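Heads up, the thing below is written out as structure tokens.
The values are calculated or read from the model by the stated rules, or taken from the named source; none is laboratory data. None of the values given here were measured: they were computed from a predicted structure. Please note: Cβ atoms are built from the backbone with ideal geometry, for glycine as well, and neighbour counts cover all protein chains shown.
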Amino acid sequence: MSTLIGLKLNMSQLFQQDGTVIPMTYIDVKGVKIIGTRTEEKDGYNAAILGFGIKKNPIKPETEKYKSIGYVPQYSIETRLEKLEGIVIGEEIKPSVLELNSKISVTGFTKGKGFQGVVKRWGFAGGPRTHGQSDRERHGGSLGMRTTPGRVFKGKKMPGRMGFDKKTVKGLKVVFIDDEKGIIGLKGAVPGNKGSLVILRSRIIK
């Protein structure tokens, strides 16, 4: 198994014996369990389905779908495997499945900033602040075209929703593992807010 689901906790520091300080992000991966499988005979590939957390108010189809495990997971993902040997449904995956000092990739969603203007979203300089331009200080400037083509091109930098984009950070080093508390420490920053969902994979995603 090379995949885990977790929640981003706080950032901290790890002090080594030589005095080196490592910036670290804690990830809560306690309670990740195998809740199902995909087989090559039935689905065309081998995979294990991982579940994390317990959904408080599941709908009836979800309850029926996960009746065999007795609860509905809050989050679930698939991780493909070459073989299903040793995979037991209901088994909890410990943080130590990821090796200490190994490099992994982490996928999460960046912090949402809401609807923002061009100055914050794209770093525009804005308009002049003098000569009567009282309403152009943070304006994007001219947008339109002439008669030909007579429209605004797609992809033009304009105001809009900023943040909450799916992002994968590669090559983060595992510097701390605690099986009892179900916590993993990664060197560096992880995308997302505190308490947001992250996916950890021990192989680099292309």
* Asked: Is there a residue being of a type outside the set (V, I, T), touching a residue at least 12 places away in the same chain (Cβ under 8 Å), part of a strand (DSSP E or B) and in the same structural domain as M24 (by TED's automatic domain parsing) anywhere in the range 192-200?
  -> yes
* Structure fact -> With criteria (1) charged (D, E, K, R); (2) part of a loop (DSSP other than H, G, I, E, B); (3) touching a residue at least 60 places away in the same chain (Cβ under 8 Å), R129 comes up short on (3)
* Please identify the pairs in which a residue from the range 165-185 that is in contact (Cβ under 8 Å) with a residue 24 or more places away in the chain has its Cβ atom under 8 Å from the Cβ atom of a residue that is among the acidic types (D, E), counting only partners at least 6 apart or on another chain. => V174/E99; G182/D28; I183/D28; I184/D178
* Asked: Got at least one residue in the range 113-127 being touching a Leu at 6+ places or on another chain (Cβ under 8 Å) and surrounded by 15 or more Cβ atoms within 10 Å (Cβ to Cβ)?
  -> no
* Asked: Which condition breaks for I77 when tested against (1) at pLDDT 90 or above; (2) farther than 25 Å from F109 by Cβ; (3) among the hydrophobic types (A, V, I, L, M, F, W, C); (4) not assigned by TED's automatic domain parsing to the domain that holds I177?
  -> (2)
* Can you name the condition, by its number, that V152 falls short on among (1) farther than 25 Å from G6 by Cα; (2) touching a Leu at 6+ places or on another chain (Cβ under 7 Å); (3) of a type outside the set (G, A, S); (4) surrounded by 15 or more Cβ atoms within 10 Å (Cβ to Cβ)? -> (4)
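So, S102, is that one under 18 Å from K30 (Cβ atoms), of a type outside the set (A, V, I, L, M) and out of contact with any Gly (no Cβ under 7 Å at 6 or more places or on another chain) or not? Before the answer, list the steps.
Values: under 18 Å from K30 (Cβ atoms): no; of a type outside the set (A, V, I, L, M): yes; out of contact with any Gly (no Cβ under 7 Å at 6 or more places or on another chain): yes.
Taking the combined requirement at face value, the residue does not satisfy it.
Looking at the structure I just gave you, is V72 among the aliphatic types (A, V, I, L, M) and either at pLDDT 90 or above or surrounded by 12 or more Cβ atoms within 10 Å (Cβ to Cβ) (or both)?
Details: among the aliphatic types (A, V, I, L, M): yes; either at pLDDT 90 or above or surrounded by 12 or more Cβ atoms within 10 Å (Cβ to Cβ) (or both): yes.
Criteria met by V72.
Look through I5, I87, I49 and report the one residue that is surrounded by 14 or more Cβ atoms within 10 Å (Cβ to Cβ), within 22 Å of V198 (Cα to Cα) and either among the aromatic types (F, W, Y) or not assigned by TED's automatic domain parsing to the domain that holds I104 (or both).
Result: I49 is the single residue among I5, I87, I49 that is surrounded by 14 or more Cβ atoms within 10 Å (Cβ to Cβ), within 22 Å of V198 (Cα to Cα) and either among the aromatic types (F, W, Y) or not assigned by TED's automatic domain parsing to the domain that holds I104 (or both).
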* Single unsatisfied condition, S142 versus (1) surrounded by fewer than 15 Cβ atoms within 10 Å (Cβ to Cβ); (2) closer than 27 Å to M11 by Cα -> (2)
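Residue-by-condition table, conditions (1) in a strand (DSSP E or B); (2) touching a Gly at 6+ places or on another chain (Cβ under 9 Å):
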residue: I35; (1), (2): yes, yes
residue: E41; (1), (2): no, no
residue: A48; (1), (2): yes, yes
residue: K56; (1), (2): no, no
residue: P61; (1), (2): no, no
residue: I69; (1), (2): no, yes
residue: P73; (1), (2): no, yes
residue: I77; (1), (2): yes, yes
